[in-house]
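Written below as structure tokens is the structure these notes are about.
The values are calculated or read from the model by the stated rules, or taken from the named source; none is laboratory data. Note that the structure is predicted; figures quoted are calculated from it, not measured. Using ideal geometry, Cβ is built from the backbone for each residue, glycine included, and neighbour counts are taken over all protein chains shown. Remember, those area values only see protein heavy atoms, side chains included, never the ligands or the DNA or RNA. Shrake-Rupley method; radii C 1.70, N 1.55, O 1.52, S 1.80 Å.
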Amino acid sequence: MKNTFSIVILLLLVSCSNKEITKEKDQQLKYSFDNILSYNNQDTLFIKSRFADCGEWGGHEEIIKIYRSERKVKLTYLKYKVNCGNRDNLGSIIQIKDITNTITLSNSQQTNLMNYINNLMKLKFINPEFSNAGTLFSVEDNKGTLKLSKYGNNIHLLNNYNTLMINLGFSKVVIESK
């Protein structure tokens, strides 16, 4: 009887301590843009995308700017449009600003942004593609300490981006075959 009682007490103590350790770990790991964006509006993350609307000549660009303003995490979305026949004197396609939208990010939108960045990192490990026409997705900061990019036509790249766009309340990108 003494042994049974001792075992029950020992199990309760071990069980409680495991819960406390898990609780402490969860409290220590707080994923938030608050941890990488300073309060003085000097830190900015950019999510940039370039699509192949005009084949190997490129296409429209989209830029998501993540920053802190008024102690809140905000996002500005810029979308450009192109006319594949309209080029500058160097032969580059001229980008014309089409949409500008600024929002204050909810916690779930911030989580969706972190998921996008995490998934883009995972997609860096897929086979590289060799092509003259493809999409480019990148994440970088304004200080040059973060730079992550992936180029290619893999459908997972576009799906990752479109999932983000839908979760942020923007239109997804549809790439038409040329």
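List of remarks:
- Amide H contacts of residue 146: 141, each under 5 Å away and 5 or more positions distant or on a separate chain (H built 1.01 Å from N in the peptide plane; Pro and chain starts excluded).
- Rounded to whole Hz, the Karplus (6.51, -1.76, 1.60) HN-Hα couplings of the range 52-66, x for glycine and proline: 9, 4, 10, x, 5, 7, x, x, 6, 10, 10, 10, 10, 10, 10
- Amide H within-cut-off set for residue 53, under 5 Å, with H built and near neighbours excluded: 59, 60
- Under 5 Å between amide hydrogens, built in the peptide plane, is the criterion, and for residue 105 it picks out 73, 74, 75 among residues at least 5 positions away or on other chains.
- Among residues other than residue 148 with Cβ under 12 Å from its Cβ, the summed charge is +3 (Lys and Arg +1, Asp and Glu -1).
- Overall, the range 44-168 carries a charge dipole of about 480 debye about its Cα centre when +1 sits on the Cβ of Lys and Arg and -1 on the Cβ of Asp and Glu, all other atoms neutral.
- Looking at the range 44-168, the accessible area is 54 square angstrom per residue; that uses a 1.4 Å probe and ignores ligands, DNA and RNA.
- Label reach from residue 98 (point 7 Å along Cα→C-beta): in the range 44-67, amide nitrogens under 14 Å belong to 49-55, 59-63.
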